[in-house]
Amino acid sequence: MTIDPDPLRSQALAFATGAEKGGKYLQNLSSRAVCADKANIANLRFPLPDNGMRPDDVLDLIESAGANGSVASAAGRYFGYVIGGSLPAASGARAMLSAWDQCANADTGPSVVAMESTAIDWVTGLLDLPPQVEGCFTTGATMANLTLLATARDRQLDRLGHARGKGLIGAPALRVVASAEIHATVLKSLRMIGLGSDNIEFVPTDAQGRMRAELLPDLDASCIVLTQAGNVCTGASDPFDQIAGKCEAAGAWLHVDGAFGLWARISDKIGNRLTGLERADSWVVDAHKTLNAPYDSGIALCKHPEEMRASMAIGAGYLPAVDPTPADLAPEFSRAARGAETWAALLSLGQTGLKDMVNRFHSHALDVAKGLRALGFEIPHDVAFNQVFATLPGREDACAEITAHVQNSGEAWFGPATWQGRKGFRISVSNWATTPQDIDRLIGAVRAALANTQR
Ligand SMILES: *Cc1c(COP(=O)(O)O)cnc(C)c1O
């Protein structure tokens, strides 16, 4: 192979081509089916050739064989899981920063670290959390939960006289107390940090999916209590004030998983449903869900940063000991500059724009519920934020067919769900680009699917 005398020129050209193709993709998105067309995906699977392909040809192949095989979740008619799109500034920042390719630590990426730590400060302020809170960016809420639960585990064990360095070997037992409707990924985080998921003391939930604080078991200093801001089916948040009082009295660690729902706190309309959560010890919120930063980006926030540092800092001999760096708080050592993308997202919105977006998700969700009720569906919960669980009274089994019909129509996409023993489907309004017309098309697609099942 000949050596290119100006290697970065070819990178710059490929970068421009990639950005151009990305722009073209976005422009075509609103007219295509939301679901993936998998016909050409097989063209991406073949043995690695002996000789490399030119960058332009690689990008052409990705476009021709891959673009239609993507899910159009970047546009406004995708309502599955809790999946946001990417705000323009964040999307552009990702493209630009991919050229920088910074390893986001103090001495390897000073400017992106400045944006990242500013973003953490902004988020802490927006959520009105205590001033001593610090945090880090992770790949998502699963890893953010893991980071904070490992910190909580270490702190509780340390207080019981079992020093951090000993790990779980010979450790006294901890108790994990959690909402019966805690997100499934939290169980995985618990398994990954050695606490398992079989021993959890589950606290029953009410008809909105909120933890019933009066049914909390007696707590003590060996407890980690797991609550949530934003039930994934109903959007409801746990009664933090009552739970926090019991945790404080017992010396239990109170953790809040607010992957998508924590953002509701900044709303002047629904934020008051999340009062008291500032009394917790740790919080998780995703940037890639409600905030509409690109994947993958979660945030772990902790009221005891010295405990987080004690659990997460690396301290290898060759590392500068003086500069605080994100890797001191985060699970990863080498890290993407995802915090800078969230900085860009927040800056492009401003406080007012963010509040408007959060309120818009809620009002769209109210419109979805209204539209579905008019078609005969039951929404067995209050629309607390952006999530709507719907079922068809007396015909719950038809919901799977209706869901599949809508998915296959390409008009919109959402998934089937079961909540509190009832079968139905779940709609999440999480994309900045969703318009009232998109909501109309969603309801229209459900109407058509319903008519189809009644034929
Ligand atoms: C999505 C979600 C998670 C997991 O977050 P990831 O970013 O996908 O890792 C955890 N908790 C809740 C409530 C969620 O909605």
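The values are calculated or read from the model by the stated rules, or taken from the named source; none is laboratory data. Because the structure is predicted, anything quoted here is derived from the model rather than measured. Cβ coordinates were reconstructed from backbone atoms using ideal geometry, including for glycine residues, and neighbour counts include every protein chain displayed. We work out accessible area using only protein heavy atoms, side chains counted, and drop any ligands, DNA or RNA first. Shrake-Rupley method; radii C 1.70, N 1.55, O 1.52, S 1.80 Å.
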Quick query: amide H of residue 202 versus all other amide H atoms, modeled in the peptide plane; which residues come in under 5 Å with a sequence gap of 5 or more or a different chain? 178
Please list, in order along the stretch 70-78, the HN-Hα scalar couplings obtained from phi with the Karplus expression 6.51 cos²θ - 1.76 cosθ + 1.60 (θ = phi - 60°), rounded to whole Hz, x for Gly and Pro. 8, 8, 7, 6, 6, 9, x, 10, 9
Considering all alpha-carbon pairs of the stretch 74-161, what whole percent are spaced by more than 23 angstrom? 44 percent
Of the listed peptides 338-344, 401-407, 7-13, what is their order by residue-averaged count of other C-beta atoms within 10 Å, with the highest listed first? 338-344, 401-407, 7-13
Please give every one of the aspartates and glutamates within straight-line cross-link reach of residue 24, meaning a C-alpha to C-alpha distance under 18 Å, and leave out same-chain neighbours fewer than 8 residues apart. 37, 56, 57, 60, 63
Simple SL model, points at 7 angstrom along Cα→Cβ for residue 241 and residue 268; separation in nm is 2.2 nm
accessible surface per residue for the chain, probe 1.4 Å, DNA/RNA/ligands not counted, whole Å² -> 45 Å²
Computed log₁₀ I(q)/I(0) - Debye formula, equal Cα scatterers, no solvent, the stretch 1-127, q 0.15, 0.21 Å⁻¹: -1.00, -1.28
Using a Förster radius of 35 Å, what is the FRET efficiency between residue 197 and residue 71 based on their Cβ-Cβ separation? Nearest 0.05, please. 0.75
Any idea how far the Cα center of the stretch 113-186 sits from the one of the stretch 61-108, in Å? 27 Å
Compute the length gained on full extension between residue 250 and residue 46: take 0.36 nm times their separation in residues and subtract their Cα-Cα distance, giving the result in nm to one decimal. 67.5 nm
Tell me the mean residue ellipticity at 222 nm calculated for the chain from its helices only (DSSP H runs of n ≥ 4, each -39500 (n - 2.57), averaged over every residue, nearest 500). -12500 deg cm²/dmol
Taking 30 Å as R0, compute the FRET efficiency from the Cβ-Cβ separation of residue 3 and residue 63 and round it to 0.05. 0.60
Which entries of 188/370; 21/188; 246/423; 166/289; 188/246; 38/370 show an alpha-carbon separation above 29 angstrom in the structure shown? 188/370; 21/188; 246/423; 166/289; 38/370
With a 1.4 Å probe and every protein chain kept in, tell me what percent of the accessible surface of the stretch 386-455 is carbon plus sulfur. 50 percent
Out of every Cα-Cα pair in the stretch 93-345, what percent are more than 23 Å apart? 48 percent
Sequence-distant residues sharing a close amide H with residue 415 (under 5 Å, placed H): 81, 426
Hey, if you drop one equal point scatterer on each alpha-carbon of the chain and run the Debye formula without solvent, what base-10 log of I(q)/I(0) do you get at q = 0.12, 0.13 Å⁻¹? -1.10, -1.24
Can you work out the Karplus-derived ³J(HN,Hα) for every residue in the stretch 105-113? Use 6.51 cos²θ - 1.76 cosθ + 1.60 with θ = phi - 60°, whole Hz, and x for glycine or proline. 10, 4, 8, 9, x, x, 6, 5, 5
Heavy atoms only, probe 1.4 Å: what % of the accessible area of the stretch 160-209 goes to carbon and sulfur, would you let me know? 57 percent
Based on the mean of other beta carbon atoms within 10 Å per residue, what is the order of 299-309, 108-118, 56-66, 230-240, most packed first? 230-240, 299-309, 108-118, 56-66
Output ³J(HN,Hα) for the stretch 184-197: one whole-Hz value per residue in order, computed from phi by the Karplus curve 6.51 cos²θ - 1.76 cosθ + 1.60 with θ = phi - 60°, and x for Gly and Pro. 4, 5, 5, 5, 5, 4, 5, 5, 5, 9, x, 9, x, 10
For residue 106, which sequence-distant residues (separation of 5 or more, or a different chain) have an amide H within less than 5 Å of its own amide H, given hydrogens modelled in the peptide plane? 327
With N residues in the stretch 154-295, Rg(alpha-carbon) / (2.2 N^0.38 Å) equals 1.06
